[in-house]
1. If you average 1/r over every pair of different alpha-carbon atoms in the stretch B:299-339 and take one over that average, what Kirkwood value in Å do you get?
2. What percent of all Cα-Cα pairs in the stretch A:225-268 falls in each 10 Å bin, counting up from 0?
3. Shielding by partners for A:145-157, please: the mean number of other protein chain Cβ atoms within 10 Å of each residue's Cβ.
4. Any aspartates and glutamates with Cα under 15 Å of the B:LYS99 Cα? List them, leaving off those in the same chain fewer than 8 positions away.
5. Taking beta carbons within 10 Å but only from partner chains, what does the mean come to for residues A:164-174?
6. What angle, in degrees between 0 and 90 and rounded to the nearest 10, separates the Cα long axis of helix A:128-152 from the longest principal axis of the Cα atoms of chain A?
7. Equivalent ellipsoid semi-axes for the stretch A:5-89, as square roots of 5 times the alpha carbon gyration tensor eigenvalues: give them largest first, rounded to whole Å.
8. Of B:PRO339, B:GLY321, B:GLY381, which is farthest along the charge dipole of the stretch B:296-422 in the positive direction, counting Lys and Arg as +1 and Asp and Glu as -1 at C-beta?
Amino acid sequence: MTALLSRLDRLGLAFLAATLICAILVPLLALAVPRGSAFAIPPYVVALLGKYMCYAILALALDLVWGYCGILSLGHGAFFALGGYAMGMYLMRQIGARGVYANPLLPDFMVFLNWKELPLAWWGFHSFAYAGLMAMLVPGLLAFAFGWFAFRSRVTGVYLSIITQALTYALKLAFFRNDFGFGGNNGLTDFKDILGFNVQSDATRAALFSISALTLALCFLLAKAIVGSKYGKALIAVRDAESRVRFLGYRVENYKLLVFVVSAVIAGVAGALYVPQVGIINPSEFDPANSIEAVIWVAVGGRGTLVGAALGAIVVNFAKTYFTGAFPEYWLFALGGLFVLVTLFLPKGLLGLVRARAARKPAAASAPAAAPAPAPAESA
Amino acid sequence: MRAAYREKPHVMNIARLFAALVFLCCASLARADALDDTLAKFLDNKFARTEQAVGELAASGAANAPAILDALGDNRLLIDPVGRVLVYQTAAGDVLNAKTGEKLAGVDVDSFKKVRVNNALRNAIQAALGALTLANPDPAKRIEAAEAVFKSRDVKALPALEAQLAKESDSRAAAALRQARAAILALDAKAPKSDRLAALAALRERGDQDAQSLIDEVAAKTDDPALKNAAQAALAAIKTRLAMWDAAQNVWYGLSAASVLLLAAIGLAITFGVMGVINMAHGEMVMLGAYATFVVQSALPPSLSEWSLAIALPIAFLVSGCVGVVLERCVIQFLYGRPLETLLATWGVSLILQQAVRTIFGANNRQVYAPKFMSGGVEVGGLSITTGRLWIIALAILVFVALQLALRVTPFGLRMRAVTQNRRMAAAMGVSTGRIDMFAFGLGSGIAGVTGVALSQIDNVSPNLGQGYIIDSFMVVVLGGVGNLWGTALGALTLGLANKLLEPVIGAVLGKILLLVLIILFIQKRPRGLFALKGRALEA
């Protein structure tokens with residue numbers, strides 16, 4: 001751990017510190033400071049911030065595959081949503097007999113569909129540990145199966161992006177069906193409590209936020225550990241010149257597969273944290289548009305930086321919250337413009353911009369000490 | 001076309017004889033004195049006699065028979081007790097002599113007695129009126145009436161049916177009449193067995209769902225083994241036939257879906273082939289084409305409304321094509337060599353276009369009407385074919401052929417193919433790749449606009465129109481590869497047919513999921529699609 005921390009640059013340390021401070025400060029301000037005080041954080045803001053944290057984790061996962069391995073996945077929303085469904089199923093079963101139909105075993109929608117017994121896929125979800133495991137296992141297995149096929153047959157670049165998009169689209173269609181067994185188009189909602197605590201209460205919200213922030217910090221450390229290792233160096237090499245790496249004797253598909261699975265698991269965790277905080281999960285989470293939106297968070301923050309991806313998710317979503325409230329008409333213009341402008345003018349994202357500024361100042365003062373690192377070429 | 005009706009010779013002779021007898025009988029009834037007799041039966045005002053009179057009146061085919069029957073059913077047929085004259089009151093209140101149709105002035109309607117009717121009589125009147133329309137001078141009306149008889153299977157309509165059949169000149173009306181007669185005879189336990197067998201054969205020829213349920217009834221009711229066997233054989237034959245038509249119908253749906261897919265995907269395939277760029281805003285180009293149609297229809301005077309789509313086609317092509325060229329010049333050319341970034345940028349453009357259209361035209365669906373020549377449909381045997389879909393298939397073929405020609409024959413097409421195959425080599429040979437990119441993108445987007453005109457006819461014209469097609473068109477391109485347009489056509493055909501043939505078996509959604517999974521598996525085998533360009537490049 002200390003070895004890892006010592007490897008972090010100043011920015012990484014600052015990010016880690018900021019996340020941890022948030023994890024402590026936000027619950028404090030939300031719970032301990034009396035309402036009406038200028039520093040008090042209203043409960044809905046806590047839930048909102050918690051949501052941003054989950055998005056930041058998702059962006060981190062995406063940056064790991066796109067920024068460091070050149071795999072532009074347009075289906076990461078699917079892993080996120082699968083993790084969310086796993087958690088949603090746990091929360092559904094916690095409702096127990098408090099549902100509208102007061103069935104102790106079956107969730108309301110199953111009673112409504114006139115089902116007599118719990119489907120196999122729902123077994124075990126009364127246990128939090130099992131649900132948590134599934135939230136990681138299911139996205140991981142899907143990513144493994146998908147990546148196994150895709151990477152071995154060298155489906156790359158745009159083709160891979162389109163196929164990942166088709167994957168999430170297919171899942172969306174499947175989850176929309178009532179007989180698929182996961183609540184159809186209404187999804188899962190009306191949750192009551194998690195581990196015995198009321199999901200709606202302020203204290204639970206604050207705790208969930210803290211857990212999300214801590215998870216973000218942990219995932220960040222994990223991602224840093226991966227990209228800093230020898231394995232990570234090979235990943236970057238795959239991104240920049242896949243064929244050359246293959247000719248050097250590396251099994252490129254295995255490198256890609258591992259990072260893809262890890263990324264999917266992280267996305268699943270993000271989804272699992274997301275659902276109790278927003279209180280609903282439905283098939284629209286599988287919408288391809290969501291996955292593409294997640295990609296733009298990474299692009300705005302700066303791909304291949306990890307910190308940038310997380311910040312990008314928070315900045316873009318903050319802007320979304322503001323715009324959809326203040327000028328609902330113009331949010332799509334803003335988002336669309338963001339896509340175009342960032343790809344055209346900010347290929348390295350906001351973080352790249354900041355770094356370029358920082359690099360210019362010392363360069364102006366003294367002669368350039370080292371040649372700037374060559375920009376990674378897109379391999380696709 | 002339905003096969004002509006055929007009978008075994010001896011049955012034919014009997015039928016002819018029977019028809020001739022009935023014809024003679026009717027002819028004699030049609031004489032004036034016979035009509036007098038018939039009308040006199042009404043005067044008795046007894047249910048049994050009235051029913052007889054209704055039947056005779058219907059068979060007589062007298063000109064004023066429908067009016068009299070109508071009046072009877074509405075309690076407007078009256079008896080003048082003084083002169084024992086049958087009169088009827090029209091709906092407007094005029095009193096007319098039933099036989100001559102003369103208008104009677106200054107009569108006291110209240111003193112007249114109504115000819116009584118009961119429910120049984122009302123049914124008889126309905127049947128009689130149906131029989132009378134069988135004799136309508138308009139063949140279409142006759143067919144309609146025959147179909148009504150076919151459905152009601154009223155034995156009372158038989159004489160009228162036979163009478164009309166004997167003098168029927170229109171072949172389609174005759175077929176409909178024969179089928180109606182067969183429907184009655186097949187179920188009539190009192191009819192001679194040979195007639196019933198002939199009727200079953202006729203129903204078997206008809207071979208649709210109505211005939212099926214009818215024969216089902218015959219098979220259930222009859223005890224005669226010969227009849228039962230014939231009925232069962234006919235049922236089996238009809239079932240196979242219906243299943244075949246069903247399959248044909250699904251193939252038709254598949255072709256129709258394939259044509260839409262081809263139209264939506266072919267522009268995408270061009271831009272992807274030439275530039276290696278996936279245009280995520282392609283669906284929005286389609287949407288712009290649909291809105292262009294709406295604008296054209298709103299702006300055109302009503303006298304030109306038949307031509308609105310023909311006028312909209314070039315305009316939609318230009319609108320979408322120009323937007324495509326602007327997009328290429330302002331965004332995509334700067335992202336050359338970064339296909340993934342291009343994908344994101346065009347996605348952003350698609351969001352902007354959607355919201356722009358939503359701001360200008362509103363979020364609601366816009367109404368685009370179909371010109372007369374495109375509405376309606378035709379029945380070919382058991383197939384129902386909508387004209388609109390037929391035109392869309394024609395348009396898809398037209399666009400495909402035109403594009404093939406443009407690529408094969410014109411210098412522009414030659415350069416475009418050169419850039420598709422090897423961009424750097426083409427540039428070295430003096431092809432201005434930048435200009436080719438621009439025109440190729442314009443062309444692809446323009447075709448999307450044309451597609452929008454077609455889709456405005458079968459889908460809701462809303463800002464989200466393009467979204468529904470984009471993933472499917474990607475799948476077509478992925479399946480077909482970018483080597484040549486035949487791949488796109490084959491991909492569209494495969495997907496369209498597979499989709500529609502799977503639909504009745506496992507449902508629409510499951511079918512779609514299965515197809516997506518199959519494509520994901522297919523791409524393992526052929527990562528560059530069916531028609532991949534052959535070359536020695538390491539990374540295509």
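1. On the way: mean 1/r = 0.0808 Å⁻¹.
Kirkwood hydrodynamic radius for the stretch B:299-339: 12.4 Å.
2. Binned Cα distances yield the sequence 28, 54, 17, 1.
3. Working: counts 0, 1, 0, 1, 4, 4, 0, 1, 6, 4, 6, 3, 7.
That average works out to 3.
4. B:ASP33, B:ASP36, B:ASP37, B:GLU56, B:ASP70, B:ASP80
5. Values: counts 1, 7, 11, 3, 1, 8, 10, 2, 1, 7, 5.
Other-chain Cβ atoms within 10 Å of each residue's Cβ, averaged: 5.
6. On a 0 to 90 degree scale, this one is about 50.
7. Working: eigenvalues 175, 86, 17 Å².
Each semi-axis is √(5λ); the values are 30, 21, 9 Å.
8. Among B:PRO339, B:GLY321, B:GLY381, the one farthest towards the positive end of the dipole of the stretch B:296-422 is B:PRO339.
Every read-out reported here was derived from the displayed coordinates using simple, explicitly stated rules and does not represent laboratory data. Worth saying up front: this structure is predicted, and the values here are computed from it rather than measured. Reconstructed Cβ throughout: ideal geometry from the backbone, glycine too, with neighbour counts over all protein chains shown.
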